[in-house]
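S.K.: Following this message is one structure expressed as structure tokens.
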Amino acid sequence: MLGVVKQFKIEGNPVSCERYGNGHINVTYLLVCDNDRLYILQMINKNTFKNVEALMGNISAVTKFLQEKDGEARHVLHLVPTVDGNDFVKDENGEYWRMYDFITDSLCLDQPESADDFYESAVAFGKFQNMLASFPAHTLFETIPNFHNTVSRYAQLREAIEKNPCGRLSQVQAEVDFALARENEAGTICDKLATGELPLRVTHNDTKLNNVMLDKETRTALCVIDLDTVMPGSALYDFGDSIRFGASTAVEDEQDLSKVNVDLSLFEAYTKGFLGTCAESLTALEIELLPMGAKLMTLECGVRFLTDYLMGDTYFRTHREGHNLDRCRTQFKLVADMENKWAEMNAIVKKIASEK
Ligand code: ADP
Ligand code: GN1
Ligand code: MG
């Protein structure tokens, strides 16, 4: 790996480079130098991202655009250039590597430690969306086509059920039934994007809590990271994916489902932070459908985990047997809990929107 590191313009000499973070897609390392400079080195997942060069073009354009709007170093990701002036390295095995300045004195959480933490993550993602409102969307490459097209995610599930390549179908009948019972509703956002009732925006599309950094001291919003999926999408995707991950009372792979529920006070905190930063740019229908965004992003993610389990765990990184099935089950438990709390979720959104 030293050969790769040497190709980037770093300050100081590398002293260690260890695996870092809890991402499911890329392989992330923390590079420590002898002058105490820290860097994030990532091997980009080329199974997930079929055109890494175009993806890096997006990230370079988006980070430059954001840096012009906000000059504070810790507020926007900074790519470290290579000695040849490129944004990434392609090694002799055909693997792609990129490097970022490490966001110092920051926190990256898998679960909020308070409603304030979650509120701050909403502020970060809300501001991010606002700042990108004037980004020329047509110049963005679609890094994963149909990423949040829930209808096509169901088509992939159906294909996995039909193929059943690992013979796992019989273990997941309950989960399959749960998903298929909600298939009609799953198209709600796609349909409204197609008719133009919902606008297409430049969105982050992977707004889980561990894709945002908070300041370690003040615990306020610092920086949005993981920009691989920044592309045209719906504001409901960004709101919904945050709720799915961060408003849960348990971690995404909790095995004891009795611990997994939607925390309405966290839902309320996020809604306040999100609407507080981007309500003016949202339409009335977008605001009304925020709870639907939360439910459908959770359902979709459960469908994706279930599909990957059936296909033999080829997409999401897993750390134990049945990991994707455990993840699927937490998502479906959350969907069921949202259905029970549907009236309250809608009332919370209505109340906060009326105060704006
Ligand atoms: P993945 O796509 O695999 O989720 P991420 O880009 O989210 O990859 O990185 C994985 C983890 O590495 C993050 O959750 C965060 O903890 C850490 N990380 C990534 N970039 C930075 C950065 N610039 N500064 C500090 N930590 C970072
Ligand atoms: C992946 O890259 P990471 O770990 O932040 C995935 C998201 C899922 C999430 C589930 C590119 O996010 O779509 O919602 O796992 N990212 C990609 O935790 O597929
Ligand atoms: Mg991530």
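The values are calculated or read from the model by the stated rules, or taken from the named source; none is laboratory data. Here the structure is a predicted model, which is why all the values come from computation and not from measurement. Here the Cβ positions follow ideal geometry from the backbone for every residue, glycine too, while neighbour counts run over all protein chains shown. With ligands, DNA and RNA removed, areas are computed over all heavy atoms of the protein, side chains included. Shrake-Rupley method; radii C 1.70, N 1.55, O 1.52, S 1.80 Å.
S.K.: Show me 191-199, 269-277, 107-115 ranked by packing, highest mean number of other Cβ atoms within 10 Å first.
M.R.: 269-277, 107-115, 191-199
S.K.: Exceeding 18 Å between C-alpha atoms, which entries from my cross-link table qualify? They are LYS9/LYS69; LYS192/LYS333; LYS6/LYS90; LYS127/LYS272.
M.R.: LYS9/LYS69; LYS192/LYS333
S.K.: To make sure I understand the rule: partners must be aspartates and glutamates, Cα under 18 Å from the Cα of LYS341, and not fewer than 8 residues away in the same chain. Which ones qualify?
M.R.: Result set, ordered by chain and number: GLU185, ASP241, ASP263, GLU268, GLU288.
S.K.: Could you list log10 I(q)/I(0) for the chain at q = 0.08, 0.09, 0.10 Å⁻¹, which the Debye formula gives when each Cα is one point scatterer?
M.R.: Log-scaled intensity ratios, in q order: -0.39, -0.49, -0.61.
S.K.: Identify, among THR218, VAL83, ASN13, the residue whose Cα sits farthest towards the positive end of the charge dipole of the chain, taking +1 on the Cβ of Lys and Arg and -1 on the Cβ of Asp and Glu, with the dipole about the Cα centre.
M.R.: It is VAL83, whose Cα lies furthest towards the positive end.
S.K.: Suppose every Lys and Arg Cβ carries +1 and every Asp and Glu Cβ carries -1, with no other charges. What dipole size does segment 2-104 come out with about its Cα centre, to the nearest 20 debye?
M.R.: Numbers: 11 positive and 14 negative charges, 52 e Å.
I would put it at about 260 debye.
S.K.: Can you give the angle from 0 to 90° between the axis of helix 264-278 and the longest principal axis of the chain, with both taken from C-alpha atoms, to the nearest 10?
M.R.: Helix 264-278 and the main axis of the chain meet at about 60 degrees.
S.K.: Could you work out how far the C-alpha centroid of segment 329-356 sits from that of segment 66-122, in angstrom?
M.R.: 31
S.K.: How would you rank 234-240, 72-78, highest first, on the average number of other Cβ atoms within 10 Å across their residues?
M.R.: Ranked by mean Cβ neighbours within 10 Å, highest first: 234-240, 72-78.
S.K.: Leaving out ligands, DNA and RNA but keeping every protein chain, what accessible area does ILE10 have, in Å² rounded to the nearest 10, with a 1.4 Å probe?
M.R.: Here the accessible area works out near 40 Å².
S.K.: Ranked from the most accessible area to the least, with a 1.4 Å probe and all protein chains present, what is the order of ARG19, ARG317?
M.R.: The residues order as ARG19, ARG317, largest area first.
S.K.: What shape does segment 2-104 take by its C-alpha gyration tensor, where a ≥ b ≥ c are the square roots of the eigenvalues and a/c under 1.5 counts as rounded, a/b above b/c as prolate, and the rest as oblate? It would help to have the intermediate numbers written out before the result.
M.R.: Values: a/c = 1.40, a/b = 1.01, b/c = 1.39.
The shape class here is rounded.
S.K.: May I pose another question? Using Cα atoms only, what is the angle between the long axis of helix 150-163 and the major principal axis of the chain, expressed in degrees (0 to 90) to the nearest 10?
M.R.: 90
S.K.: Can you give me the angle between helix 342-354 and the longest principal axis of the chain, using Cα atoms only, in degrees from 0 to 90, rounded to the nearest 10?
M.R.: Here the helix axis deviates by roughly 60 degrees.
S.K.: With charges set only on the Cβ (+1 for Lys and Arg, -1 for Asp and Glu), what does the dipole of segment 298-356 come to about its Cα centre, in debye to the nearest 20?
M.R.: Here segment 298-356 has a charge dipole of around 200 debye.
S.K.: Can you give the calculated 222 nm mean residue ellipticity of the chain, where each DSSP H run of n ≥ 4 adds -39,500 (n - 2.57) and the sum is split over every residue, rounded to the nearest 500 deg cm²/dmol?
M.R.: Numbers: 13 runs with 158 residues, N = 356.
Counting only the DSSP helices, I get -14000 deg cm²/dmol.
S.K.: Another question, then. Measure out, as a whole number of angstrom, how far apart the alpha-carbon centroids of segment 246-265 and segment 13-52 sit.
M.R.: With segment 246-265 and segment 13-52 each reduced to a Cα centre, they are spaced 29 Å.
S.K.: What's the carbon and sulfur percent of the chain's accessible surface, probe 1.4 angstrom, rounded to a whole number?
M.R.: Ligands and nucleic acids excluded, carbon and sulfur reach 48 percent.
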